[in-house]
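Enquirer: Mind having a look at this structure? Questions to follow.
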Amino acid sequence: MKAEYGEMRNSYGEIRLFPESIDDLWHLQHIIAPGDLVFATTFRSVDAASDKIRPEKVEKRPVRLGIRVDRIEFSAHGIRLRLTGIIEHGVDTGAFHTINVETGYEISVIKQWRPIDRERIERAVKASVYGVIHVLTIEEGEAELFRLRQYGPESVITLTSGSGKGAETESRRDFFDQVLSKLAEITGPLIVAGPGFIKDDFIRYAKSRTNPAADRAVVVETRRIGRGAVQDVIGNGTLEKMIDDLQLSREVKLMDELLMRISQDGAVAYGRAEVADAIGYGAAEQVLIADTLLRDPDITALIEKAEAMRASVVVLSSAFEPGERLIALGGIAALLRYKMV
């Protein structure tokens with residue numbers, strides 16, 4: 001989750017929120033309440049006829065609306081959050097409208113913020129995957145490494161070389177070695193971006209040196225280098241796909257840990273009854289839930305109790321294998337702080 005705070009007066013004000021994962025949508029379901037004012041760019045049917053010959057012809061256009069929320073719910077598969085209410089700002093004021101909140105799209109919430117709401121936002125922000133992704137922009141003799149932060153790209157280091165253009169020279173290899181030495185200091189996913197063939201030459205050189213950075217790098221063609229190249233990477237969807245992959249990787253690791261503990265009769269619980277007992281005793285450390293159960297009121301109450309007991313909640317997508325395996329175990333499980341007798 002990314003969050004940008006507006007002006008606050010006595011805890012009343014605006015916070016812009018940018019959900020990045022299903023977990024973030026789950027958080028938003030609890031943050032947004034009936035009576036809150038939510039702004040978003042959404043689609044609304046607009047009369048497209050210029051005369052009365054075909055008055056029935058309408059089309060949906062993107063518009064910025066502010067609705068007073070009346071109802072909050074997940075869609076059938078838990079991949080979007082539906083906010084329904086009366087339009088107070090924008091076209092068709094007074095009419096009902098539903099905003100579909102999805103990952104990758106910003107909303108703005110104006111309300112009286114409780115401490116528990118602010119704390120939930122901070123937890124979601126800290127769990128963001130943005131901080132582990134780096135973008136290296138490179139062309140002949142110039143490279144800049146960026147770390148993606150909540151507020152945008154942060155320049156980590158800039159390297160330059162006096163080598164001329166042309167075939168690979170000793171100075172060019174020295175330049176590549178300089179860049180690789182800096183990449184050795186970071187971990188996590190890496191995007192290598194830039195115009196022309198220099199980025200490809202760099203990756204080939206890194207692989208010839210069996211450098212780990214080459215194995216985890218995604219190469220992207222951009223029109224420029226520097227901060228502009230990072231914007232190109234964001235605009236072409238590479239970053240969004242990488243975030244999805246990171247989320248899936250996280251789900252795979254959690255399910256592997258869960259299944260290992262089950263096989264070893266370890267500190268684990270699965271199924272509604274066992275997980276409810278574990279939460280009640282304060283033994284649950286991480287609660288895993290399939291997105292198909294998010295609209296079940298009993299599960300919702302159980303997860304709220306888990307969060308009150310300081311257990312973290314992770315939502316797994318039923319569209320991928322880890323979520324399917326969790327569904328086979330009842331759709332809900334918990335990694336415990338200690339084994340329950």
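Enquirer: With every protein chain in place, what's the accessible area of residue 318 (1.4 Å probe, Å², nearest 10)?
Expert: 30 Å²
Enquirer: Would the chain count as rounded, prolate or oblate if I go by the C-alpha gyration tensor, calling it rounded below 1.5 in a/c and otherwise prolate when a/b exceeds b/c, oblate otherwise?
Expert: Oblate shape, in that a/c is at least 1.5 and b/c is the bigger or equal ratio.
Enquirer: Number of Lys pairs in the chain with C-alpha atoms less than 26 angstrom apart, excluding same-chain neighbours closer than eight positions?
Expert: Close lysine pairs found across the chain: 25.
Enquirer: May I ask for the Kirkwood hydrodynamic radius of region 302-341, worked out over all distinct Cα pairs and given in angstroms to one decimal? Before the final figure, lay out the partial values.
Expert: Details: mean 1/r = 0.0871 Å⁻¹.
After inverting the pairwise mean of 1/r, the radius is 11.5 Å.
Enquirer: Sticking with this one: What does the charge count around residue 101 come to, taking other residues whose C-beta lies under 9 Å from its C-beta (Lys +1, Arg +1, Asp -1, Glu -1)?
Expert: Numbers: positive: 80, 82; negative: 102.
Net charge around residue 101: +1.
Enquirer: Then there's this: Give the carbon-plus-sulfur fraction of the accessible surface of the chain in %, rounded to a whole number; probe 1.4 Å, heavy atoms of protein chains only.
Expert: Values: 8840 of 17300 Å².
That fraction is 51 percent.
Enquirer: Right, another one. Would you tally the net charge around residue 11, using a Cβ to Cβ cut-off of less than 15 Å, leaving residue 11 out, and scoring K and R as +1, D and E as -1?
Expert: Here the count lands on -1.
Enquirer: Before anything else, pin down the relative contact order of the chain: Cα pairs under 8 Å, at least 6 apart, normalised by residue count, whole percent. The partial results should precede the final answer.
Expert: Working: 615 pairs, mean separation 45.3, N = 341.
Computed value for the chain: 13 percent relative contact order.
Enquirer: Same structure, new question: Roughly how many whole Å is it from the C-alpha centroid of region 260-338 to that of region 222-249?
Expert: Measuring centre to centre over Cα atoms gives 32 Å.
Enquirer: Beta carbons within 10 angstrom, averaged per residue: use that to sort the peptides 89-97, 31-39, highest first. Mind showing how you got there, number by number?
Expert: Details: 89-97: 13.0, 31-39: 17.7.
Highest-to-lowest ranking by the protection proxy: 31-39, 89-97.
Enquirer: Another one. Relative to the present Cα-Cα distance, how much length would full extension add between residue 102 and residue 305 at 0.36 nm per residue of separation? Show your work: numbers first, answer last.
Expert: Values: separation 203, 0.36 × 203 = 73.08 nm, distance 2.57 nm.
The span from residue 102 to residue 305 would gain 70.5 nm if fully extended.
Enquirer: Under the Kirkwood approximation applied to all pairs of distinct alpha-carbon atoms, what is the hydrodynamic radius of region 250-290 in Å? Intermediate values should be presented prior to the final figure.
Expert: Values: mean 1/r = 0.0937 Å⁻¹.
Hydrodynamic radius (Kirkwood, Cα only) of region 250-290 equals 10.7 Å.
Enquirer: At 222 nm, what value in deg cm²/dmol follows for the chain if DSSP H runs of at least 4 each add -39500 (n - 2.57) and the sum is divided by all its residues, to the nearest 500? Walk me through the numbers before you get to the answer.
Expert: Working: 10 runs with 115 residues, N = 341.
My calculation for the chain gives -10500 deg cm²/dmol from helical runs alone.
Enquirer: Another question about this same structure. Can you bin every Cα-Cα distance in region 165-307 into 5 Å intervals starting at zero and give me the percent of pairs per bin, rounded to whole numbers?
Expert: 2, 8, 13, 13, 13, 9, 7, 8, 9, 8, 6, 2, 2, 0
Enquirer: Given the options 27, 83, 264, identify the residue whose Cα lies farthest towards the positive end of the charge dipole of the chain (+1 on Cβ of Lys, Arg; -1 on Cβ of Asp, Glu).
Expert: 83
The values are calculated or read from the model by the stated rules, or taken from the named source; none is laboratory data. Quick caveat, the model's predicted, so the values are computed rather than measured. Every residue, glycine among them, receives a Cβ derived from its backbone with ideal geometry; neighbour counts consider all protein chains shown. Only protein heavy atoms, including side chains, enter the accessible area calculation; ligands, DNA and RNA are left aside. Shrake-Rupley method; radii C 1.70, N 1.55, O 1.52, S 1.80 Å.
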